[in-house]
Structure formats: structure tokens, C-alpha cells
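Working notes, beginning with the structure itself.
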Amino acid sequence: MDLSARRELYTDGDLNRPDAPVVVKGLNHWFGEGEARKQALFDVNLALERGKLTVLLGASGSGKTTLLTLMGCLRRVQEGSLTLLGTQLAGADERLLVQCRRRLGFIFQAHNLHESLTAMENVRIGLEVHGKAAMAGWERASAHLLKILGLGERLHYLPGNLSGGQKQRVAVARALVGNPDIVFADEPTAALDKNSALNAVALLKRLGTERGTTTLMVTHDTKIMSLADRIITMEDGRIVDDRGTT
Amino acid sequence: MTILLGHLLGRLPIGWLQLVHNKTRLAAALAGVAFASVLVLMQLGFLGALVASIKLPYDQMNADLLISASDMNTLADGSPLPRQRMFEALTVKGVQSATPLYYGKVEWKQPDGTIRNLDVFGIDPSVETLRNPAISARLNDISLSDVALIDARVRNVSKSLFAKIAAGEPYRFEVKGRTLKVVGTFEIGGGFSADGYLVVSDQTFLRLFPQRSAGAPNHILVTLAPGADPAPILERLRATLPADDSIVRTVEETFGRDQAFQTTQRPVGLVFGFGVVIGILVGIIIVYQVLSTDVAEHLKEYATFKAIGYSQRFFLGIVFEEALILAILGFVPGFLVSLLLYTVVATVTGLPLAMTWARAAFVLMGTLGMCALSGAIATRKLARANPADLF
């Protein structure tokens with residue numbers, strides 16, 4: 001990967017930016033118990049910028065997934081500080097973690113669509129979690145997103161009748177329909193063709209610009225990396241490189 | 001249905017949509033729940049028929065209290081009772097009448113060689129011992145030697161025979177070496193131990209059962225003076241009669257004891273009770289199997305929902321939604337099939353087998369409970385849906 005194009009190296013000073021949606025300080029994490037206990041993250045410090053698309057790079061086992069799941073409130077913080085949208089997650093109970101997750105959007109490598117729900121209904125799942133008040137006009141909102149993602153003709157299709165790429169686009173719509181503050185994405189474009197992938201990432205970028213939606217994405221897709229505002233590289237549980245892009 | 005459930009639940013009826021998505025599995029699950037419902041309804045029906053058939057003779061007794069042998073469990077067992085107890089009972093204030101009832105069993109051999117078992121009541125024809133109008137109207141007739149009245153509901157006997165008897169054409173058959181002349185009919189109905197009833201006078205009874213004695217009836221039927229309070233009279237009778245050979249109870253109490261004994265101590269009652277338990281277990285296992293498979297197959301989707309921010313309560317709601325839908329949709333065909341089977345069995349066996357709303361409601365509640373329990377067990381698998389594993 002050519003890093004020469006990068007112009008800005010992020011510094012510890014960014015950790016104190018008041019508008020940072022995610023601030024990680026001295027984060028350590030372990031898996032296993034006793035002698036089998038293995039450290040996965042070592043003193044990770046990081047702040048995400050509001051509205052920016054950040055790509056997280058690293059080999060398998062580098063700790064990027066652990067970091068992603070901790071920031072996504074899917075694991076409990078063991079040591080260090082992790083502030084998400086102003087909420088300290090260290091010591092947070094399950095109820096608080098669930099509440100925080102409702103402000104996030106997740107796009108997984110696998111679409112994990114519900115086979116018995118149509119594309120529209122699957123997208124609705126991302127909205128229904130916010131309660132009845134959020135459901136007003138859900139059909140319009142869901143259809144609008146699906147149309148942007150090129151699925152306007154397949155709103156009422158069951159996942160079984162959609163291609164892999166189409167399913168993944170429904171999953172993207174499901175993650176975005178609730179207007180999340182932060183989107184965590186794990187190889188979201190792996191199942192998409194080039195145009196669909198660029199279209200999806202363009203949508204994330206647009207949300208970043210228009211709504212301030214922050215995106216943290218694990219990807220090895222080079223065409224996506226060129227669209228990133230920032231690229232963080234992890235190795236053996238540590239951030240070894242963290243730069244903004246031109 | 002989806003729209004209706006959506007309105008009821010206030011959310012997407014995911015449980016319903018999941019169930020109808022796999023129609024083969026849904027059909028199998030509904031068949032399973034229906035089968036369990038049929039099993040439970042039939043066993044409860046048989047149990048109900050047993051209780052109803054036990055009650056039939058008690059309903060015929062023109063009595064407020066019943067003096068029986070102290071070792072009596074059912075109407076048919078227990079030692080004979082000294083008739084002296086009848087006279088002693090008559091001395092108790094508040095007792096209006098006391099009359100003996102003799103009880104026995106005979107076999108009625110049919111022209112084809114098969115046997116019908118009849119319970120025989122031997123009564124004093126000068127007293128209205130039984131409150132059956134058809135019997136009361138023919139008391140004079142049975143006061144004659146070897147004359148009887150027969151139950152027109154005796155199982156597996158041509159109705160035309162009883163029609164002829166009722167029309168005045170006497171029917172004769174041999175019992176214990178004596179020829180009985182049947183001059184009339186009444187209706188009680190058979191149970192699990194006999195096919196029907198025969199009513200004769202006490203004198204004819206003693207001729208049919210020569211080993212029995214007039215001084216030792218099976219029960220003494222006691223009526224109280226009009227308006228008398230049974231409780232103090234019952235106490236006075238208990239104080240008067242020796243407890244080592246006799247016991248006094250209300251007719252209702254005696255029936256209750258008989259019912260409790262036959263449903264909990266006798267194999268037939270235990271078998272039906274066991275059948276109910278088996279039916280419930282079958283239902284729980286079938287529904288659990290369906291729900292746990294369903295949960296296991298959707299673990300990734302549930303994990304995704306968890307990641308999105310749905311709480312455990314939401315998932316429990318989906319599983320219970322499925323459980324309740326299976327319960328209701330499975331119960332309806334089970335109930336209809338049971339109604340049909342009740343009719344068939346009642347017709348074939350002559351047992352007092354009838355569906356009651358209370359039983360249907362009880363089994364529906366039980367089916368709902370059974371499915372909810374299965375759902376509760378199945379939800380344990382939900383804990384394995386860890387959203388962190390999705391990355």
C-alpha cells in the first residue's frame with residue numbers, strides 16, 4: 001500500500017477534541033483465562049472525527065476486530081477508557097451498552113438478513129428498535145434508502161430472491177435507516193461489484209457530510225481506501241500507523 | 001394475519017413470519033400440537049367419562065345421606081352392612097326415612113354368546129329408593145317375584161329390544177339359573193365396570209344372590225326431614241352408629257370418595273391421568289423441538305438484532321409469539337378432531353363422553369402453557385447469539 005499520499009499524521013492531541021464521537025485512551029483487552037489469557041489490544045489511543053470515513057487496516061489477529069467490537073459496544077471494556085458519543089463505556093452495564101448500540105449502525109461482512117422478511121421489512125428492523133415514534137413514515141424512509149442503493153425494483157423481495165450483492169445492500173440500508181451517529185462496517189463491500197461498492201461508500205461519505213455520520217470500516221478493498229478520510233493500521237494489538245489522506 | 005398481528009404486537013410479527021416462511025415445518029409443528037391436544041382431550045374425556053359414570057348411580061339415589069360399610073371405597077365394594085343400622089338411624093332426630101339398597105353384579109348372556117355385565121340394584125319396592133321416574137312408575141311391577149327393569153342404555157344391545165320392552169312386550173333371560181322377566185326400561189347408562197343397570201326388588205335380589213342376606217344390605221339411603229340441617233344430623237348419626245362397621249356421609253361426599261379412589265387408586269384412573277401427562281410431554285417436546293430448531297437456525301439474525309440494539313425481551317417476545325401461535329393454531333384442529341372422536345367413542349362404547357367448555361378452555365390454557373414452557377426452554381439458546389461473533 002502506498003502511504004506516501006498521506007498528508008496528516010494523527011497525534012495524541014486529537015484525543016481531547018470535544019466533538020470526537022469516539023475517544024479511546026489506554027485501552028487494553030485480553031481474551032481467555034489463567035495461563036491461556038492472551039492480550040489482544042495494547043494501550044490503544046484513538047479519537048474518531050465526526051463525519052469522517054476511517055478505514056482500519058491490519059492482518060488477521062492484529063486486533064482490529066476486537067477494537068471494532070469494543071467501540072461498537074459489543075464487548076465490555078476491561079482496561080482503559082472508551083468514550084462513545086459522550087458515554088464512558090468502561091464499567092458500563094449491558095443495559096447501557098444496548099442503549100448505546102441503538103445510536104450505531106452495523107454492516108457485517110455477512111448480510112445476516114432475516115430470510116422471512118422482505119427487503120423493506122429487513123430495513124424496517126433497523127428503525128423499529130428506536131420505538132414507535134421512529135416508525136412514522138418508515139416505508140418512505142426504507143424505500144428511499146433502498147432506491148439510493150439500487151434496489152428500488154426489489155423492495156418487497158425476500159432475501160432468497162436477491163443476489164449476494166443485493167442482500168448486502170439491504171444490510172447497508174438496514175444499518176443506515178435509523179440515522180446512526182456512527183457506522184461500524186466490516187468488509188461491507190466484499191460481496192458488491194465495483195459500482196455498487198462505490199455507490200455504498202459514496203452514500204456513507206454523503207451521510208458524513210450532510211448528517212455528520214462517522215464511519216469506521218475494516219476493509220482491504222483498495223478502491224474504498226482511496227475514498228477514506230483516514231487510515232489506521234494495526235499490528236499485534238497496537239496502532240502502528242494513523243494518517244489522514246489527501 | 002400479518003397485519004392483525006402487527007397491530008396487536010405493535011411491531012413486525014417476526015415470529016409469525018418465521019413460522020409461515022417454512023410451511024412444511026409449520027405444518028409438522030401444528031400437527032404435533034394438534035396431536036398432543038387430541039391426546040390430552042381424549043384422556044381427559046375418558047377421565048371425565050369415568051367420573052360421570054361413577055356419578056350416574058349416585059344421581060339416582062333418593063337420599064340425603066348414605067350409610068355404608070366403613071371399608072367401602074366404591075359403591076360396588078365394601079362389606080355388607082347390618083340392617084340394624086337402618087333402624088338405629090331411624091331413631092335419630094331429623095331422619096325422615098332410611099331404606100336399604102342391595103348391590104350386586106350379574107352377567108347377561110346374549111344370543112351370540114357374548115356377555116353384558118350388569119350392576120343390580122335391589123330395592124324395597126314399597127319405597128321410592130331411586131329418583132328415576134321410569135323406575136318409580138314400575139315399582140309395583142317389580143314387587144312380583146323375578147321381575148326386573150333394565151337399563152335401556154346397556155352397551156352393545158339392540159335398541160329395538162328395549163323398544164319392545166318399553167312397548168309392553170316382556171323380555172326374559174336367564175341369570176344365575178333363574179329366569180328374569182324384564183317388564184320395563186329406564187335410562188342410566190354403563191360405565192367402565194359394567195355395561196348397564198338392572199333394578200329388582202330386594203326379594204328378587206336375594207333370590208338372585210342366595211348367599212346374601214336380607215339383614216345385610218350394601219348401603220342405607222337416608223332422607224332427612226324437610227328443611228332439616230344435614231350437618232348436625234350427620235354428626236348425630238355418626239355418634240349413634242358404630243364406626244367399626246359403618247360410616248355416614250352425604251351422597252356427595254360418598255361420590256367424592258368413590259371418585260377419588262377410582263381415579264387415583266385404580267389402574268383405569270391412573271392410566272388416564274398418565275395419558276394426560278404423556279400428552280403434555282409430547283406437546284412440550286414437539287414444540288420445544290420446533291422452537292429450538294428455529295432459534296438455532298436464526299442465531300446469526302438474532303445476533304444481528306442484538307447488535308442493532310434489541311434487548312433480550314424482544315427475542316423472548318418472538319419466541320413466545322411463535323409458541324402462542326403454535327398453541328392456538330394447533331389446538332383448533334386438535335379440538336375439532338377430539339369432538340369427532342368423542343362422538344365416535346361415545347357411540348361405540350356408550351360411555352358418557354362429552355366435551356365441556358370448561359375442559360376445552362382448560363386444555364387450551366394447558367396448550368398455551370405447554371407451548372410457553374417450551375418457548376421458555378428454547379430461549380436458553382438465544383444466549384449463544386453473541387453479536388461480537390458476527391465480526
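The values are calculated or read from the model by the stated rules, or taken from the named source; none is laboratory data. Every value quoted in this text rests on a predicted model; they were computed, and no experiment measured them. Cβ sites come from the backbone with ideal geometry, for glycine too, and all protein chains shown count toward neighbours.
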Can you name the number of the only condition in (1) closer than 24 Å to residue B:56 by Cβ; (2) in contact with a strand residue (DSSP E or B) (Cβ under 9 Å, 6 or more places away or on another chain) that residue B:345 fails? (2)
For the range B:309-319, does any single residue satisfy the condition of being crowded, with 21+ Cβ neighbours inside 10 Å, away from chain A (no Cβ under 14 Å) and out of contact with any Cys (no Cβ under 8 Å at 6 or more places or on another chain)? yes
Answer residue from the range B:365-375, given it is surrounded by fewer than 18 Cβ atoms within 10 Å (Cβ to Cβ) and in contact (Cβ under 8 Å) with a residue 24 or more places away in the chain and is farthest from residue B:325 (Cα to Cα) among those: B:373
The one condition in (1) over 18 Å from the mean Cα position of the chain (by Cα); (2) within 11 Å of chain B (Cβ to nearest Cβ); (3) farther than 24 Å from residue A:191 by Cα; (4) in a loop (DSSP other than H, G, I, E, B) that residue A:92 fails to fulfil: (2)
Quick one: which strands (runs of 3 or more DSSP E) lie wholly within the range B:128-222 and hold at least 3 residues that are among the β-branched types (Val, Ile, Thr) and assigned by TED's automatic domain parsing to the domain that holds residue B:99? B:178-186
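Working carefully through the options B:52, B:63, B:69, B:29, find the one that is in contact (Cβ under 8 Å) with a residue 40 or more places away in the chain and within 25 Å of residue B:298 (Cβ to Cβ). Spell out how you get there, then give the answer.
Values: B:52 fails: within 25 Å of residue B:298 (Cβ to Cβ); B:63 fails: within 25 Å of residue B:298 (Cβ to Cβ); B:69 fails: within 25 Å of residue B:298 (Cβ to Cβ).
The unique qualifying residue is B:29.
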Among the candidates A:137, A:164, A:152, A:131, residue that is within 13 Å of chain B (Cβ to nearest Cβ) and of a type in the set (Gly, Ala, Ser): A:131
Hey, among the residues in the range B:320-363 that are small (Gly, Ala, Ser) and in contact with a Gly (Cβ under 6 Å, 6 or more places away or on another chain), which one's modelled with the highest pLDDT? B:323
Go through the range B:212-234 and give me each residue that's more than 31 Å from the chain's Cα centre (by Cα) and free of Cβ contacts under 8 Å to residues at least 60 places away in the same chain. B:227
Scanning for something farther than 19 Å from residue B:281 by Cα, part of a helix (DSSP H, G or I), within 14 Å of chain A (Cβ to nearest Cβ) and more than 32 Å from the chain's Cα centre (by Cα), does the range B:322-336 turn up at least one residue? no
So which of B:148, B:152, B:167, B:134 ends up being exposed (fewer than 13 other Cβ atoms within 10 Å of the Cβ) and either modelled with pLDDT of 95 or more or not acidic (Asp, Glu) (or both)? B:167
Using the structure shown, decide if residue B:182 is of a type in the set (Val, Ile, Thr), farther than 28 Å from residue B:349 by Cβ and modelled with pLDDT of 95 or more. no
Within the range B:34-46, is even one residue outside the structural domain of residue B:95 (by TED's automatic domain parsing), over 30 Å from residue A:133 (Cα atoms) and either in a strand (DSSP E or B) or touching an Asp or Glu at 6+ places or on another chain (Cβ under 9 Å) (or both)? no
Kindly check whether there is at least one residue in the range A:116-125 that is among the charged types (D, E, K, R), crowded, with 20+ Cβ neighbours inside 10 Å and modelled with pLDDT of 90 or more. yes
Top-ranked residue of the range B:1-31 - restricted to ones that are away from chain A (no Cβ under 14 Å) and crowded, with 20+ Cβ neighbours inside 10 Å, ranked as modelled with the lowest pLDDT: B:29
Identify, from the list A:99, A:78, the residue that is more than 13 Å from chain B (Cβ to nearest Cβ) and out of contact with any helix residue (DSSP H, G or I) (no Cβ under 8 Å at 6 or more places or on another chain). A:78
If I filter the range A:23-46 down to residues being more than 12 Å from chain B (Cβ to nearest Cβ) and in contact with a Lys or Arg (Cβ under 6 Å, 6 or more places away or on another chain), which single residue comes out as nearest to residue A:227 (Cα to Cα)? A:45
How many of the residues in the range B:255-271 are exposed (fewer than 14 other Cβ atoms within 10 Å of the Cβ), polar (S, T, N, Q) and in a helix (DSSP H, G or I)? 1
Identify all residues within the range A:107-121 that are in a helix (DSSP H, G or I) and either within 24 Å of residue A:215 (Cβ to Cβ) or more than 7 Å from chain B (Cβ to nearest Cβ) (or both); write none if there are none. A:119, A:120
